[in-house]
Structures are given as structure tokens and as C-alpha cells.
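These notes concern the structure reproduced below.
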Amino acid sequence: MESVLSVKDLQVVFSGFKALKGVNLEVGDGEIVTIIGPNGAGKSTLLDAIVGKSPVSSGHVYYHGRDITNKNPYEVARLGIGRKFQNPNVYNDLTVFENVLLALKGSHGIFASIMSKMTSAKKAKISQVLERTGLLEKAFDKVSLLSHGQKQWVEIAMVLAQDPSIVLLDEPTAGMTEDETYMTGEIIKSISQSHSVVVIEHDMDFVKQIAQRIVVLHQGETLAEGTVEEVQNDDKVIEVYLGRERINVAA
Ligand code: ADP
Ligand code: MG
């Protein structure tokens, strides 16, 4: 499997505090890698460091074999790494369609994007990402009318509109209903048909639904890595999570 993203011995230090202590991560073409771990484990920091939002103290990030360590976030996004943050960052007063239009590569601001003559290629791209995120029927609704879960999907659609080859999602199901969570899992599986995906997640049912490979982070280090069963039966993982309710390793 061709390596899309390769993180080597990554360290991130915040004023003396080691948030990541030498993490390795490999993501292959079309692969879904799920990162779990207790709060403060360094999961978001790992994504931040990959996209150039947190400074890497040592180690490397390679994207399709190219060293992108400490490149700025705009350049990383332009190269093809799409990142969805924990809180939706959408324009509530615009329609779903307009939000995705703004996110398309080569868009320049709200006015220019909406007023510019839309090529059929752009229209096709927008309907493709809306279909993939289950939003086609909501295309001309204002985002303010959508549920919390649907707003999260709009943001995923906006990430896809940038044509990334890998998509990084930080707790995409936070605050979602059970049905929305399930739907998000199906969306992620569909995305993985043409993209690599890295997902940070807490909900173990969701992890089981989507996961191919799981990486467990704990205190800035990789504690375990493997399939759902392998990770759930790992003594170190059981020890860290024993008694915790959010991740039911015994299930
Ligand atoms: P997770 O996403 O796994 O819950 P984070 O990556 O957000 O954890 O945080 C890992 C650790 O790094 C935490 O102890 C957090 O307080 C610390 N941290 C994260 N970002 C910063 C920052 N910008 N400055 C200082 N400390 C930070
Ligand atoms: Mg986090």
C-alpha cells in the first residue's frame, strides 16, 4: 500500500511540556486510521502538528514521501491534506451549496464566488461532495436551519471540496445523535473509497463501525496499535481505560 502520510518520531513541546513524545503514524492509500485515547493524550496536537498548526520540535511529517514538517497550514492544505476541526466553521446565513462553493479550490471570497459564472465542472464537484455527505436534498437550505449533525457534514463537504487526498477529522461525531453518528460512519466509509482518512474518536461503537486500524495514544505516546479486537485485548490499553465509561474496552 502506498504511504500517503508518514509521521516519524514526532515531538511537540509546549513551553517545556511534551505533548507528543516521539509518535509514529503511517497512513496508506484509501485507509481509515482511527486514533483513540484519553483526554489530553495528544490526539488533536498530532493533527495540529501534521497540518502545521502546532510547531514540531523534532521528527518529521512526510506526505506522499515529501517532507512537509512545519510547513504553514495554508500550504499543507493546498498540497492535499484536508482538516476538519472540532467546532464547525460554517457560514450560517448562506446555503449549504454556497458554503461548499466557497470552499472549492480557487474560490476568492463570498461575493466573487457567488457572482462568478459557475463552470459545469464546479457544479459537478459540488453535487458530488453533497451527495457523498448526504446533503443533496439540503443544498439550498440555509445552514442555520440544519441540525448540529448536518452542520458537521457541511464542514466535511467543505473539506472534500478542496480535493484533498487525505482527510483528518477531529471528533466528527461530537454532540451528534445516535442516528447522525451512524450516518457519519457511513459517510466516512464512503469518503475512504477515494481518500485516506484519519479520525479521532471516542465512541467505540462508531470506531467498530468504521475502523480498519486503530492507534491508541496516551500521554503523548503510542500505547497500542491494531484491529479493534487487538486493541481491546491489549493489557496496556485495558489498564489505561479500566473504569472509564467513555471507552468500553470490555464490550
Ligand atoms: P487530546 O486531543 O488528546 O485530548 P490535546 O492534543 O488537545 O489532547 O492536548 C495534549 C496536551 O497538550 C494537553 O495536556 C494539553 O493541555 C496540551 N496542549 C495542547 N495544546 C497546547 C498549547 N497550544 N499550548 C500548551 N499546551 C497545549
Ligand atoms: Mg482533542
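The values are calculated or read from the model by the stated rules, or taken from the named source; none is laboratory data. No experiment lies behind these values; they were computed from the predicted model shown. Please note: Cβ atoms are built from the backbone with ideal geometry, for glycine as well, and neighbour counts cover all protein chains shown. When the accessible area is computed, the model is the full protein with side chains, heavy atoms only, and any ligands, DNA or RNA have been set aside. Shrake-Rupley method; radii C 1.70, N 1.55, O 1.52, S 1.80 Å.
Numbers at a glance
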{"item": "Residue ID - nearest to ligand 1 (Cβ to nearest atom), chosen from residues in region 56-70 that are part of a loop (DSSP other than H, G, I, E, B) and open to solvent by less than 50 Å² (accessible area, probe 1.4 Å)", "result": "Val56"}
{"item": "Pair list, Cβ < 8 Å and 6+ apart or interchain, from region 29-48 residues that are outside any helix (DSSP H, G or I) to residues that are near ligand 1 (Cβ under 6 Å from one of its atoms)", "result": "Ile35/Lys43; Ile36/Lys43; Gly37/Lys43; Gly42/Ala19"}
{"item": "Residues of region 71-87 classified as open to solvent by 70 Å² or more (accessible area, probe 1.4 Å) and either free of Cβ contacts under 8 Å to residues at least 12 places away in the same chain or within 16 Å of the chain's Cα centre (by Cα) (or both), total", "result": "5"}
{"item": "Test for Lys53: is it within 16 Å of ligand 1 (Cβ to nearest atom), open to solvent by 30 Å² or more (accessible area, probe 1.4 Å) and basic (Lys, Arg)", "result": "yes"}
{"item": "Test: residue in region 155-168 that is surrounded by 19 or more Cβ atoms within 10 Å (Cβ to Cβ), touching a residue at least 12 places away in the same chain (Cβ under 8 Å) and of a type in the set (Ser, Thr, Tyr)", "result": "no"}
{"item": "Helices (runs of 4 or more DSSP H) within region 130-213 that include 1 or more residues not hydrophobic (A, V, I, L, M, F, W, C) and not assigned by TED's automatic domain parsing to the domain that holds Val237", "result": "148-161"}
